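Below is one structure, written out as structure tokens, with a few remarks after it.
The values are calculated or read from the model by the stated rules, or taken from the named source; none is laboratory data. Source: prediction; values computed, not measured. Each accessible area value is taken on the protein alone, full model and side chains, heavy atoms only, with ligands, DNA and RNA left out. Shrake-Rupley method; radii C 1.70, N 1.55, O 1.52, S 1.80 Å.
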Amino acid sequence: MPEHCPVCGQAYEPEPGFYWGAMFVSYFFAVAVFAVSGVALYYLAGDPPLWVYVSTVAVVSLLSTPLVFRYSRAIMLYLFGGVSYNPTWVARRA
Ligand SMILES: [Zn+2]
């Protein structure tokens, strides 16, 4: 991950250890992935044996890890990093 946005120069890490809090956002995502995949498996597969739950939830969790990692950091940056989306901002080329 670069230190600054290559377009606008926004610092991606406002302070040292900033993304420590993203672990809690990531935890929320992990619980959501566990619950949604478990409940979906219950209704779609008709309550399969325990090993199917464990292996399916493990595979879904592993496959969603890159998304969870990136979105956790992005949400942390938006919530606590003082970053806000500006739809009218235009990059100036020097
Ligand atoms: Zn930018």
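Taking Cα atoms only, the orientation of helix 50-80 departs from the longest principal axis of the chain by about 20 degrees. Any idea what angle helix 22-45 forms with the longest principal axis of the chain, computed on alpha-carbon atoms, 0 to 90 degrees, nearest 10? So the helix axis and the longest Cα principal axis differ by about 30 degrees. Figure note: Thr65, Thr88 ranked by solvent-accessible area, largest first, 1.4 Å probe, ligands and nucleic acids not counted: Thr88, Thr65.
Under the criterion of Cα pairs below 8 Å and six or more residues apart, the relative contact order for the chain equals 34 percent. Expressed as a whole percent, the accessible area of segment 18-80 that falls on carbon and sulfur atoms is 80 (1.4 Å probe).
Here the sum of -39500 (n - 2.57) over DSSP H runs of 4 or more residues, divided by the residues of the chain, equals -21000 deg cm²/dmol at 222 nm, to the nearest 500. At a probe radius of 1.4 angstrom, the accessible area of segment 48-93 per residue rounds to 84 square angstrom.
Pairs of Cα atoms in the chain fall into 10 Å distance bins, from 0 up to the last occupied one, in shares of 14, 34, 24, 17, 10, 2, 0 percent.
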